[in-house]
Structures are given as structure tokens and as C-alpha cells.
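> Right, I'll just put the structure down here and ask away after.
The values are calculated or read from the model by the stated rules, or taken from the named source; none is laboratory data. Since the model is a prediction, treat every value here as computed from it, not as a measurement. A quick note on method: Cβ atoms are made from the backbone with ideal geometry, for glycine too, and the neighbour counts reach across all protein chains shown.
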Amino acid sequence: MIFDALTGVLLIPAVAAVLLAALPGYRLTARLNVVATFLTFATAVSLFIVEPVSGPYLLVDDLNRVFIVLTTFVSFTTSVFSASYIEHEIEIGRLKLTYVRFYHSMYQVMMFGMNLALVANNIGLMWVAIEMATLTTVLMVGIYRTHEALEAAWKYFILGSVGIALALFGTILVYMAAKPVIGEGLYAMVWTVLVTHAAKFDPALLNVAFVFLLLGYGTKVGLAPLHAWLPDAHAEGPTPISAVLSGLLLNVALYALLRFKMLLALNPAAIAPGPLMVTMGLISCVFAAFMLYRRRDIKRMFAYSSIEHMGIIVFAFGMGGPLANFAGLLHMTMHSLTKSAIFYAVGHISQVKGTQKIADISGLTVSNPVLGWGLVLGVVAIAGLPPLGIFMSEFLVVSSTFAREPWLVIILVFGILVGLSGLFLRLNTIAFGEPRGPTAPAQASYVPMFAHLAIVFTAGIYMPPALVSGFQNVARLLG
Amino acid sequence: MHSLSFDIAHMLAGSLVLVSFMQLYQDRLYALLNTFALHAFILAASVAWQAFVQDAPHLYLTAMIALVFKAIVIPVALHRIIVKLGIHREIETVVGVGPAMLLGMGLVALSMVVMLRVTAEADPLAREDLAFALSVVLLGLLMMVTRRNAVSQVIGFMSLENGLVLAATGAKGMPLVVEISVAFSVLIAFIVIGIFLFRIRERFDTVDVQALDKFRGERQ
């Protein structure tokens, strides 16, 4: 088999996972982790230059290229952050060295799972890959072995398994719908074949399948009311994992959902998947915005903010059309970058302060100016203030929907505003005022955080034409 | 007229639904475990029959996994865990037997109505298999909701998963069935090991009052 970029994004994490499990010492393994994720990222970028051949199992097209590059980039910067974060956790004795080896190996397995889910051309393979990525994150969430961490991992596990089981039932139904048209066997599950024949599938079967898929993968996206696992998993696991969960794994599940949405859109007799997604998106957005108030744990607060933003993204994709899809895609990218940057800051902040309780964190801009202002900038970005990238994408979501469904936009804007004030209410005490608690300078790597924020800031002002046309192309594909 | 092979497949799938109902009213863990072993055994028989009818030898592998792993290894392991955790005398009554059975019947009726209407054009065997499979899935979900104990939740999840395997084998010629059943076995093994290692007795809440106080850091 010839080595091309497509096998590269799968092979590099797989090899790295084995290597990292075998090698001792955390300095070496942390560096190797960074190198491996960087190589994966570089390989993913090369997908744009050389188009690999797609087979019945793997596929590269315009849609998943965007997801792969985003995933590998954030996983690379997270591994840089993770190196300094984990070092501190070992110093304070919160994490044992054996677990660190396990942690790094699992990090690569998770990357493998997510990349496989993104490049899979087979809906069964995609399901297996998403299950694998879920399993590894479950293990990572429980890595601190505290009562809360185990409970969060257990809850994530049970709810995630139910979600994944429903998704499989939906996948089987899609196969059943495809079988009479395409015939038995492998090709009735191959994505590219399914798409070309979608118009002839039995619409009733497709409808039921989509409901199961929406509930199943929607659980993994964290849509309300299926989100119960998400805040716990974010709060109790190591912060790099919170960043990867919010920034990446939710996107991968969303990607699966979008693929099936495209399938349904090609069948004129099937129900329109849009209204279902719009409803769930709106509920998630408004519900999570209200949940931002009265949070006492800083990581839980930002986990709810992730639910809110996934709601906005699903809303945008549910509305459909080139402009709303473009906005959804942009918002997803901006959210991934901003939310992971926030989690980088929050990770170091909770290490400096020795707590995640909001009540015990105060006056960060005075005691730790770099971290404090980094967090302020991140929250300003995530709240959607101009001129940052999220303002751009939220503005696009709102303006593209306003002409079509003004009432829906009012609900959406209400949710966004409620969320914004909720975040600023908390930010006020966290970042400003009298410093409280330990004020030792953080041994942090600020580069990943500010790199992400710089990209978000730039995107709010200027987007390269190549990127815009690329996104427009994908938005048209999504229908 | 239906052939003999159809009747046997029908009987096996129907028995699976019946055993799912039996699981709903078992309030002792040992009895529940034995019922689950029976559930897995019937699944193995059903998958083996499908392998024979469809002339698909790879499905025998799935049947073997169901028989060895789910009907023997997992029940034995859970049996020992129950003894170790000291919960073998526990009786759980979250929802009464009557309401649980009524809910279960409602779910089966729902899945019949949905699946039979939707799959009017599919071949009758696959069609009824799918309706039965959805019933088993929904009954498994119902069991997970009505139980508080971690072990019985896992049993609920496994019977849900049996329903999925039934659906996957009923869909004639579906690729990756063996791989999917292996992936599920790995998942279940992880869950069982998880219960054992971390001694999880209850699901989302805990009996430990002190732990409840700092629960999620949200209550003060």
C-alpha cells in the first residue's frame, strides 16, 4: 500500500499510541505527543495539496477536509498546552506517572478515533470510530480517580452508550433503506454510493432512521435535553480533555449528523431534517444560556457555554441554505478555537488557585495579568462581541435567518443575550476586583491560547479569500 | 404462506421480547442475571438460525460471541461482582411491576406500529425482525430508566444491545456485523471492569452523604 496523506492521518496517531504506551518518563512522552500531533496536522494540511484516492472505506472530500484540519490543529495546540498542564499535575501529585503514560497513549487513540470517524466512507465504520473516541474520553475523564471524576465518567459512559446504541439502530435502518436499491453487502453502507442513490430510498424508513440518528449522535453533540453527561465530563476530567471534548469531539458527532442530513436532503419524499435540528438547537441555546447563571464551578460554566454554542451551530445547519451553512461552519470553527483557548486559560487558572470554584477565584487581572487578560479576551470572544470571529459568525447566523424566520431569530438572539450577560456577570468577579487565594505566577505555556485568540481576532476583521471560497464550497455541498 | 424457516426465526425473536419482559419484573439481582443469560442464549440461537437461513457463515461468529461472552462469561463475572459488592440481597423497586409492564406493553405496541408501517415493502422476515428488535431496544431502555443499581443498569444496556444485534443480523447481508458485535463486546467488558474496579453501586447519585455534599461542587 502506498503511503498517502489519508493513511497518514490514521497511521501516525496509531503508531504514536503504541510508542507512548511503551516509553517511560513524562518529559519525553509529552514531547513525543506534541511531535506526533504536529505531524498529523501537517499531513492533514497536505490533504489540500494532493487529493488522495477514496475507496469503499476511506474518503476525503471538501466537507471532511475542513473538519480534519480543524481537529488536527486543535489537537496539536492542546498537546502543547497539555505538556505544561500535566507537568504541574505531576508536581502537585494529583496524577501518578503510570497514569501519565496511559494518558498520552489514550490521547493518540482518541485522535485516531476522531480522524477515522471523519475520513470514514462507510457509515458502519464511522459508528465504530465514534464509539472508540467516546470510550477513550470516558477513560480520560475518570483519570483522577476521585469520587466525582468516577461518577462523571460513569454518567458519561452510560448516557454515551445509550446514544451510540440509538445511532447504531439508525445506521441499520439506513442500510435497510438502501438495500433494495443498491443490493446486499458492503456497498449499501458506503457513503459515496448511498448519496448517488438516495433519491430512490424508501422515505418512511429514512425518516425513522434520521430520528434515531438525531437522538443518538445528538447525545454526543450535547444537545438539550440529552446533554446531562456534558457538564460533569468537562468539569471532572483533566482540562486538556475538556478542551478537546468541547473543541473537537462535539464537532465529530455533529459531522456524522450533517452527513445523514445531506442524505435525507437528497430524497424529496423524506421529511425535511431542518426543523428538527432547528428546534433542538434553539432549545439547547436558550436552556444552556439560563444554566450559565448560578454556576459555581468555572469549568462547568464553560461546559454550558459549549452547549449553548452547539445549539447555535445546529440551528444554523438546520436552517440550511448556502449562507446559513456558511455561518454554521464558521461558527463551529470559531467556537472550537475560542473554547479551547478558554479552557487553556482556565486550566492554568485552576492550577494557580488550586480550585475550580468561582467563589474562590477573584482579581486575576491583578494577580496573574497574562492569564487574566487572556481569559477576559476569550470570554469577550465567546460572548460574541465585535470585532472578534464569533461576532462575525453569529451575525451571519442571525442575518441569514432573519429574512426567512424572524420569530426564530428573536428566540435565538434572546438566548445569545442571556448567555452573554451570564458570562460577564461571572467574569466580573473572576477577572477584576481584589485578588484572593494563591497568587503565584503560573508555569504556563501561553502560546496555544494566544495563537487561537489571534486567529479568532483576525477572522473577525479579515478572512483570506481562499478560506471564504472554501467554506462557501462546503456550504453549498451541505445543501 | 410462510415457510418453516420464517416461523422459527419469528419464534426466536418473539421469545427475545418475552424474556425482555421477564427482566422487567425481576427484583432480585441473581434472578435478573439468570434471566439475562437466557436472553443472551436465545439471541445466540436466533443469530445462528439467521446464519443458517441466510447462508452467511460469518454470522456464526456473532452467535458464538453472544453464546460464550454474553450468556456465560459476563453473567459469571457479574455474579462474582454482586457477591463482592455485597448487594446480592438488594431488592429494587423504583417503579412497580404493574406500571413497568404496562409501559413495556405500550413501547412494544409503539415499535410495532412504527416499524410495520414504515417497512411495508421490505421482505417479511427482516420486517418483523426489525419490529421485534426495536421492542427489545426500547424495553432495555425502559429497564435502564427504572433501575437504580449499576449492575442492573448494565444488564439493561446489554439487553438493549442484544436487540441491536438482532436488528443487524436480521438486515440481510449487512456488512461489518461481526465487527460491530466485537466492538460492543469490548464496550461491555469495559463497563463490567469499571463496575468492579470502582465499586459503583448506584447510578448518578450515591449513598454516601458526605460525598453528596460536595457533589459536583455545585451545592454548598
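> Does A:Y304 satisfy the condition of being over 19 Å from A:T333 (Cα atoms), hydroxyl-bearing (S, T, Y) and touching a helix residue (DSSP H, G or I) at 6+ places or on another chain (Cβ under 6 Å)? Spell out the reasoning first.
Numbers: over 19 Å from A:T333 (Cα atoms): no; hydroxyl-bearing (S, T, Y): yes; touching a helix residue (DSSP H, G or I) at 6+ places or on another chain (Cβ under 6 Å): yes.
Considered against the rule, which asks whether it is over 19 Å from A:T333 (Cα atoms), hydroxyl-bearing (S, T, Y) and touching a helix residue (DSSP H, G or I) at 6+ places or on another chain (Cβ under 6 Å), A:Y304 comes out as no.
> Please give the number of the condition A:N115 fails out of (1) at pLDDT below 90; (2) away from every other protein chain (no Cβ under 11 Å); (3) under 19 Å from the mean Cα position of the chain (by Cα).
Looking at each condition in turn, A:N115 falls short on (1).
> Looking for whichever is closer than 30 Å to A:D202 by Cα, modelled with pLDDT under 80 and of a type outside the set (D, E) here; the options are B:T93, B:T119. Which one fits?
Working: B:T93 fails: closer than 30 Å to A:D202 by Cα.
None of the others qualify; the one that does is B:T119.
> Let me ask something additional. Within the stretch A:405-431, count every residue that is part of a helix (DSSP H, G or I) and under 22 Å from A:M280 (Cβ atoms).
So the count comes out to 16.
> Moving to a separate point now. Among the listed residues A:I92, A:I86, A:I49, A:I68, identify the single one that is surrounded by fewer than 18 Cβ atoms within 10 Å (Cβ to Cβ) and modelled with pLDDT of 85 or more. Full working, then the answer.
Values: A:I86 fails: surrounded by fewer than 18 Cβ atoms within 10 Å (Cβ to Cβ); A:I49 fails: modelled with pLDDT of 85 or more; A:I68 fails: surrounded by fewer than 18 Cβ atoms within 10 Å (Cβ to Cβ).
Just one listed residue meets the conditions, A:I92.
> Take the stretch B:115-139 and flag every residue that is within 11 Å of another protein chain (Cβ to nearest Cβ), part of a helix (DSSP H, G or I) and under 12 Å from B:A171 (Cβ atoms).
Result: B:A126, B:R127, B:D129, B:L130, B:A133.
> Return the residues of the stretch A:444-479 that are more than 29 Å from A:T192 (Cβ to Cβ) and of a type in the set (D, E, K, R); say none if nothing qualifies.
none
> Scan the stretch B:57-73 and give yes if some residue there is outside any helix (DSSP H, G or I) and either more than 14 Å from chain A (Cβ to nearest Cβ) or of a type in the set (K, R) (or both), otherwise no. Step through it out loud before you land on a result.
Let us first name the residues in the stretch B:57-73 that are outside any helix (DSSP H, G or I), namely B:57.
This time we only want the ones that are either more than 14 Å from chain A (Cβ to nearest Cβ) or of a type in the set (K, R) (or both), so: B:57.
Yes: the stretch B:57-73 contains one or more residues that are outside any helix (DSSP H, G or I) and either more than 14 Å from chain A (Cβ to nearest Cβ) or of a type in the set (K, R) (or both).
> Give me the helices (runs of 4 or more DSSP H) completely within the stretch A:165-246, filtered to those with at least 2 residues that are under 30 Å from A:A289 (Cα atoms), ordered by residue number.
Numbers: elements: A:191-197, A:203-221, A:229-236, A:239-244.
By residue number, A:203-221, A:229-236, A:239-244.
> With respect to B:V83, is the statement that it is β-branched (V, I, T) and more than 14 Å from chain A (Cβ to nearest Cβ) true?
yes
> Let me ask another. Just name the residue that is nearest to the other protein chains (Cβ to nearest Cβ) out of those in the stretch B:164-179 that are in contact with a Leu (Cβ under 7 Å, 6 or more places away or on another chain) and not hydrophobic (A, V, I, L, M, F, W, C).
Top of the filtered list is B:P175.
> Could you tell me whether any residue of the stretch B:128-141 is closer than 26 Å to A:H234 by Cβ and at pLDDT 80 or above?
Quick first cut of the stretch B:128-141, residues closer than 26 Å to A:H234 by Cβ only: B:141.
When the remaining residues are screened for being at pLDDT 80 or above, the result is B:141.
Yes.
> Out of the residues in the stretch A:173-187 meeting the condition of being buried (at least 21 other Cβ atoms within 10 Å of the Cβ) and touching a Phe, Trp or Tyr at 6+ places or on another chain (Cβ under 9 Å), tell me which one is farthest from B:G163 (Cα to Cα). It would help to see each step written out before you state the result.
From the stretch A:173-187, those buried (at least 21 other Cβ atoms within 10 Å of the Cβ) are A:173-179; that's our starting set.
Keeping just the survivors that are touching a Phe, Trp or Tyr at 6+ places or on another chain (Cβ under 9 Å) gives A:173-174, A:177-178.
Values: A:L173: 13, A:V174: 17, A:A177: 19, A:A178: 21 Å.
Taking the candidates together, the pick is A:A178.
> Counting only residues that are more than 22 Å from the chain's Cα centre (by Cα) and within 23 Å of A:S421 (Cα to Cα), how many does the stretch A:248-293 have?
1
> With respect to A:W127, determine if the residue is free of Cβ contacts under 8 Å to residues at least 40 places away in the same chain, at the interface with chain B (Cβ under 10 Å from one of its Cβ atoms) and assigned to a helix (DSSP H, G or I).
no
> Look through A:P322, A:P268 and report the one residue that is in contact (Cβ under 8 Å) with a residue 12 or more places away in the chain, more than 26 Å from A:T78 (Cβ to Cβ), away from chain B (no Cβ under 14 Å) and not in a helix (DSSP H, G or I). Please lay out each step first, then the result.
Values: A:P322 fails: not in a helix (DSSP H, G or I).
Every option except A:P268 fails the conditions.
> Let me ask something additional. Among the residues of the stretch A:96-119, count how many are small (G, A, S) and within 28 Å of A:W191 (Cβ to Cβ). Before the answer, list the steps.
Taking the stretch A:96-119 and keeping what is small (G, A, S), we get A:105, A:113, A:117.
Still in the list and also within 28 Å of A:W191 (Cβ to Cβ): A:113, A:117.
Result for the stretch A:96-119: 2.
> A further question follows. Name the single residue, out of those in the stretch A:352-370 being among the small types (G, A, S) and under 23 Å from A:P238 (Cα atoms), that is farthest from the other protein chains (Cβ to nearest Cβ). Show your work before the answer.
Here is the first cut: in the stretch A:352-370, the ones among the small types (G, A, S) are A:354, A:359, A:362-363, A:367.
Narrowing further to those that are under 23 Å from A:P238 (Cα atoms): A:354, A:359, A:362.
Working: A:G354: 13, A:A359: 8, A:S362: 17 Å.
Filtering the stretch A:352-370 for residues that are among the small types (G, A, S) and under 23 Å from A:P238 (Cα atoms), the one farthest from the other protein chains (Cβ to nearest Cβ) comes out as A:S362.
> Facing chain A (nearest Cβ under 10 Å) and aliphatic (A, V, I, L, M): does that describe B:V154? Before you say what the answer is, go through the steps one by one.
Values: facing chain A (nearest Cβ under 10 Å): yes; aliphatic (A, V, I, L, M): yes.
So B:V154 passes the test.
For every residue, the table says whether it meets (1) basic (K, R); (2) more than 8 Å from chain B (Cβ to nearest Cβ).
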| position | (1), (2) |
| --- | --- |
| A:T136 | no, yes |
| A:M140 | no, yes |
| A:K155 | yes, no |
| A:I172 | no, no |
| A:G185 | no, no |
| A:V193 | no, yes |
| A:K200 | yes, yes |
| A:F210 | no, yes |
| A:D232 | no, no |
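Residue-wise test of (1) at negative phi; (2) in contact (Cβ under 8 Å) with a residue 24 or more places away in the chain; (3) part of a helix (DSSP H, G or I); (4) not acidic (D, E).
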| position | (1), (2), (3), (4) |
| --- | --- |
| B:A13 | yes, yes, yes, yes |
| B:Q26 | yes, no, no, yes |
| B:L33 | yes, yes, yes, yes |
| B:A40 | yes, yes, yes, yes |
| B:S46 | yes, yes, yes, yes |
| B:I87 | yes, yes, no, yes |
| B:G98 | yes, no, yes, yes |
| B:L102 | yes, no, yes, yes |
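> Checking the conditions here, which among A:A442, A:A466 is outside any helix (DSSP H, G or I) and modelled with pLDDT under 90? I'd like the intermediate steps shown before the answer.
On the way: A:A466 fails: outside any helix (DSSP H, G or I).
Going through A:A442, A:A466 in turn, just one is outside any helix (DSSP H, G or I) and modelled with pLDDT under 90: A:A442.
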